[in-house]
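The values are calculated or read from the model by the stated rules, or taken from the named source; none is laboratory data. From a predicted model like this one, the values you see are computed outputs, not experimental measurements. In this analysis, Cβ positions are derived from the backbone assuming ideal geometry, glycine residues included, and neighbour counts consider all displayed protein chains. Side chains are part of the model used for accessible areas, which takes the heavy atoms of the whole protein and leaves out ligands, DNA and RNA. Shrake-Rupley method; radii C 1.70, N 1.55, O 1.52, S 1.80 Å.
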Amino acid sequence: MKDELTISKITTEVVEVPLEQPFITHLHTVNAIHAIRVKVTLKNGMIGIGAATPNEVVTGDNIDTLKIIIEEVIAPRLIGSSLANVEPLMKQLHTVVVANGPAKAAVDIAIYDLLTQIYHVSLNHLLGGSKQSMATDYTISIGKPAEMVEQAKKTVQRGFTALKIKLGDHSIDEDVESVKQIAQAVGSDVALRLDVNQGWSYKQALQAFKMLADVNLNLDFIEQPLPANQLRDLALLRQQSTIPLMLDESVFTPADGLTGN
C-alpha cells in the first residue's frame, strides 16, 4: 500500500479567470485572477489538485517564478516520496526552499486533497474540525464613495453580514467619510473590517483611528494600516487605540506572528 501512495508526478498549468469587476487596493488593481494549478499524481492514479496566486507587491512572486519553483525545486524533491509518511513529506516541502509561500501552498493543498481522498473524509474532518460551514466577508474595492456605498448595499442584499473595505488611496478625511457612508447605508448589524494595505503613515493612522473611534461604528478591526516593516510604530498604534489592529503583510510565518520579526 505504501508504494501505491508514492508521488509519481507533479505538474502545473497557468489559469486565468477574469473578474466581474476590478479588485482595487492601495497596492494594486487586479482585473483577472492569474493562478498556478498544481496536480500531484500518486502511483495508484489518484490525483490531488491545489492552486496558488502570486502577488508581486506582497510576496514577491509572479506566475513565472511560481511555476519554476514548483517544477524545478519542489517537484524533484517530492517525487518518489510517499503519503504514507506525510509528516516528513510536509517538512521537506516547507524546508526545500526559503520563502516562496505561494508555491509551497499550492503543493500543500494538493497533498491535503489527496489525504481527504485516501481517508474518505472532508478536509475539515481531516484537520479535526466539526463545522460544516464558515462565514466570510466580502471586499469592497477602493473607488468613489458613491460607488463603494452602492457595492456595499448590493453585497449586504446578497446575504453578507461582514464587509472588508479597502482604503489608503485618498486623504484620511475621505477614507473616514467613505466608511461612515457605508456604515449608514448598510446598518449597524453589518460588521466592517477596514484594510489599508500599508497605505497610511503613523500620523495619518493615529488621526484615522481617533476619528473612527469617535463615530462609534461596528468595526471589527483595521488591517495593516502602516508599511509592513514598521512593527514598532504598529505596536505603538495598537497601544493608543481602542480599535483592534490586524496584520497580514507583516506576517508570513507563525514565527513572525509570535516574535514580531
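Worth a mention:
- Within segment 27-83, considering residues that are more than 12 Å from I10 (Cβ to Cβ), touching a strand residue (DSSP E or B) at 6+ places or on another chain (Cβ under 8 Å) and not hydrophobic (A, V, I, L, M, F, W, C), the one surrounded by the most Cβ atoms within 10 Å (Cβ to Cβ): P54
- Top-ranked residue of segment 1-26 - restricted to ones that are exposed (fewer than 15 other Cβ atoms within 10 Å of the Cβ) and of a type in the set (S, T, N, Q), ranked as nearest to L114 (Cα to Cα): S8
- Apart from one condition, R77 fits all of (1) under 30 Å from L192 (Cβ atoms); (2) touching a helix residue (DSSP H, G or I) at 6+ places or on another chain (Cβ under 9 Å); the exception is (1).
- Odd one out for D233 among (1) free of Cβ contacts under 8 Å to residues at least 24 places away in the same chain; (2) more than 20 Å from G143 (Cα to Cα); (3) open to solvent by 10 Å² or more (accessible area, probe 1.4 Å): (1)
- Residue that is most open to solvent (accessible area, probe 1.4 Å) [pool: residues in segment 114-137 that are among the hydrophobic types (A, V, I, L, M, F, W, C) and in a helix (DSSP H, G or I)]: L123
- Taking segment 162-207 as the range and being among the hydroxyl-bearing types (S, T, Y) and open to solvent by 40 Å² or more (accessible area, probe 1.4 Å) as the test, the residues that pass are S171, S188, S201, Y202.
- Enumeration of residues in segment 236-261 that are open to solvent by 40 Å² or more (accessible area, probe 1.4 Å), more than 20 Å from D189 (Cα to Cα) and in a loop (DSSP other than H, G, I, E, B): Q240, L247, D248, V251, F252, T253, N261
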